[in-house]
Amino acid sequence: MAITLIIALVWAFVLSVTLVPALVALLVTGKVSEKDNFAIRGIKKGYAPLVDASVKGRWGIVSFACVLFIGSLWCSHAWAVSSSLRSTKWTSLCTQCASRAPVSRSHKKCRPM
């Protein structure tokens, strides 16, 4: 069933790239004009000043991106360290009871949860 879905998606993509533009060129006649609707005009009105401010203050944007990147590295490191500390409390399987219960320091007897 998954292969059928993938084949259908691939053919839909091929038709959308080849057949649809050809049919539009053949069937749409006369002069075609493009106009922005109210949503696009509103988005452009808010987006253009934001892009202008970002270009003018590019070093601030780059600094902010670097701080976010370094912060994400720190968070991922802290998460990896804390998860490795949590996983040291557990053994893979206890040989006596075949459970994942915490094992005592001597590793001879399981402690019940």
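Read-outs: derived from the displayed coordinates by stated rules, not from any lab. None of the values given here were measured: they were computed from a predicted structure. Positions of Cβ are backbone-derived with ideal geometry, glycine not excepted, and every protein chain shown enters the neighbour counts.
Remarks
- Overall form of the range 26-85 per C-alpha gyration tensor (a/c, 1.5; a/b vs b/c): prolate
- Sorting the segments 26-33, 43-50 by their residues' average number of neighbouring beta-carbon atoms within 10 angstrom, most packed first, yields 43-50, 26-33.
- For the range 1-59, the gyration tensor built on C-alpha atoms gives an oblate shape. Its axis ratio a/c (a ≥ b ≥ c) is at least 1.5, and a/b is not larger than b/c.
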